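One structure below.
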Amino acid sequence: MTSFFSKVEPYITQADIHDKVKDLGQKIAQDYAGQELLCVCILKGSILFFSDLIRAIDDDIRVDFMRISSYGNDLESSGVVQIIQDLSFDIRNKHVLIVEDIVDTGNTLSALLDALRLRNPASLKICSLLSKPSRRKKDVTIDYLGFTIDDHFVVGYGLDAAEQYRNLPFIGKLNT
């Protein structure tokens, strides 16, 4: 029987993630100083990043959650974006920061941004832990970015492969 973790090669360490999240939190706090900020976690993959990030923002914030899917239980995106859980707050005239785990093709995030812009937020920005620009199909501006990565399927620190590996404390490349 092979170990659960034997299919994962470490890629970004827990220490590097911690340092980057701290830096992002400080930058966000500085940029939104004195303004009411609503941080929106895109479930499920962003939950660990989101939890650490909001603790690194040294200012009063509000939080909300959305669940979006384009992968289902597959390793490849279906291309169909579904809002499974919507916001519980009205975002009209609010400063909104979408917190995402990874921007890959940009299709999911582009569709989400289009939908949220119709709700007339005061501002709408993106914070993503990871970006894979080599796979981008839609132009998406990432205002706060942790790491740019090569075209690898990554797991850990909330990211999954068919709902597995989310609990890894680092980001690893999945060897399939």
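Laboratory data are not the source of any read-out in this text; all were calculated from the coordinates shown. Everything numeric in this text was worked out from a predicted model, so none of it was measured. When we count neighbours, we look across all protein chains shown, and the Cβ atoms used for this are built from the backbone with ideal geometry, even at glycine.
Helix-only arithmetic for the chain: the sum of -39500 (n - 2.57) across DSSP H runs with n ≥ 4, divided by the residue total, places the mean residue ellipticity at 222 nm at -7000 deg cm²/dmol.
Residues whose amide H lies under 5 Å from that of Phe170, counting only those 5 or more places away or on a different chain, are Tyr157; hydrogens are built 1.01 Å from N in the peptide plane.
Our summary gives the chain a relative contact order of 25 percent, counting only alpha carbon pairs under 8 angstrom and 6 or more residues apart. Under a model in which nothing but the beta-carbon of Lys, Arg (+1) and Asp, Glu (-1) is charged, segment 32-176 shows a dipole of about 240 debye around its Cα centre. Considering only Ser134, Ser110, Ser46, the mean-square fluctuation computed in a Gaussian network model of the chain, springs between alpha carbons under 10 angstrom, is largest for Ser134. Here segment 132-176 is treated with +1 on each Lys and Arg Cβ and -1 on each Asp and Glu Cβ, and its dipole about the Cα centre works out to around 120 debye.
What's the longest uninterrupted piece of the chain once you rule out the trypsin sites (Lys or Arg not before Pro) that are loop residues per DSSP with at most 12 other Cβ within 10 Å? After excluding every exposed loop site, the longest remaining stretch is 1-91.
Once you divide the Cα radius of gyration of segment 84-133 by 2.2 N^0.38 Å, the number left is 1.16.
Coordinate range of the alpha-carbon atoms in the chain per principal axis, descending: 53, 34, 27 Å. Ordering 33-40, 150-157 by mean Cβ neighbour count within 10 Å, with the highest value first, yields 150-157, 33-40. Legend: P(r) of segment 101-163 from all alpha carbon pair distances, 10 Å bins from 0, whole percents, reading 20, 51, 25, 4.
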